[in-house]
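Notes for the one structure printed next.
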Amino acid sequence: MTGAPATTLRLSEIKRSPAQLRTLNAALALFAEHGVSGTSLQMIADATGVTKAAIYYQFNTKDEIVLAVAEKEMAALEQAVGRAEAASSRAEARATLLREVVDMAVDRRALVRALQNDPVMVRLLATHTPIADLTQRAYALILDDGQPQSKVSAALMAGAIGAAVVHPMVDDLDDETLRRELLAAAGRLFAVEP
């Protein structure tokens with residue numbers, strides 16, 4: 001299919017120090033529990049066992065922490081998009097992307113629940129160029145053309161997967177059952193053979 005533009009920053013290549021990684025892991029757990037808006041820098045410092053000044057030494061602002069967490073998590077999507085872009089046909093690319101997005105959503109459903117509608121996260125992701133570029137690459141694999149029907153289908157696919165993994169009706173399903181049923185339903189709904 002197509003490759004990533006050569007100038008695009010690869011999220012998987014961003015290097016973080018061990019201290020930064022501890023901060024990001026603590027922040028991620030707190031975001032999943034309290035949301036981005038409900039998590040303070042002091043909470044992150046307490047969870048990592050350092051002072052707030054030490055957190056500021058690693059990251060200048062809370063927004064930088066939020067973006068770094070998103071970059072770390074979106075690196076998996078970047079790899080999935082790369083594999084889909086390498087597919088030999090559009091149908092194979094869509095199926096690959098669908099399988100991998102479902103896998104990620106199911107594996108991270110607690111995080112999806114906390115973050116999918118968090119206004120801070122939504123705002124930052126929409127304006128952060130590397131993540132916005134990655135999102136456009138993913139949508140390019142799904143969209144047939146720029147027509148309204150195609151755009152609505154792509155938005156519906158993205159929204160349906162995120163909403164399904166966090167819906168209270170599926171809370172009692174184990175990951176494998178949820179994964180299998182979500183793939184089957186998404187495949188039928190979007191005419192993709194996963």
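Quick look at the values:
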read-out	value
Diffusion constant of segment 52-108 at 20 °C, which comes from Stokes-Einstein with the Kirkwood Cα-pair radius and 1.002 mPa s, µm²/s	163 µm²/s
Per-q log10 I(q)/I(0), the chain, q = 0.11, 0.16 Å⁻¹ (Debye; single scatterer per alpha-carbon; no solvent)	-0.54, -1.07
Longest DSSP-loop-exposure-free segment, trypsin sites (Lys or Arg not before Pro), the chain, at most 15 other Cβ within 10 Å	17-194
The chain: calculated mean residue ellipticity at 222 nm from DSSP helix runs of at least 4, using -39500 (n - 2.57)	-23000 deg cm²/dmol
Straight-distance crosslink candidates among lysines, where the alpha carbon sits under 18 Å from residue 62 and sequence neighbours closer than 8 are dropped	52, 72
Normalised contact order of the chain, rounded percent, pairs of Cα under 8 Å and 6 or more residues apart	25 percent
Acute angle (nearest 10 degrees) that the helix 148-166 long axis makes with the longest principal axis of the chain, alpha-carbon atoms	50 degrees
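Every number in this text was worked out from the coordinates using simple rules, so none of it is lab data. Predicted model only: the values in this text are computed from it and were never measured. As a convention, Cβ positions derive from the backbone with ideal geometry for all residues, glycine included, and neighbour counts pool all protein chains shown.
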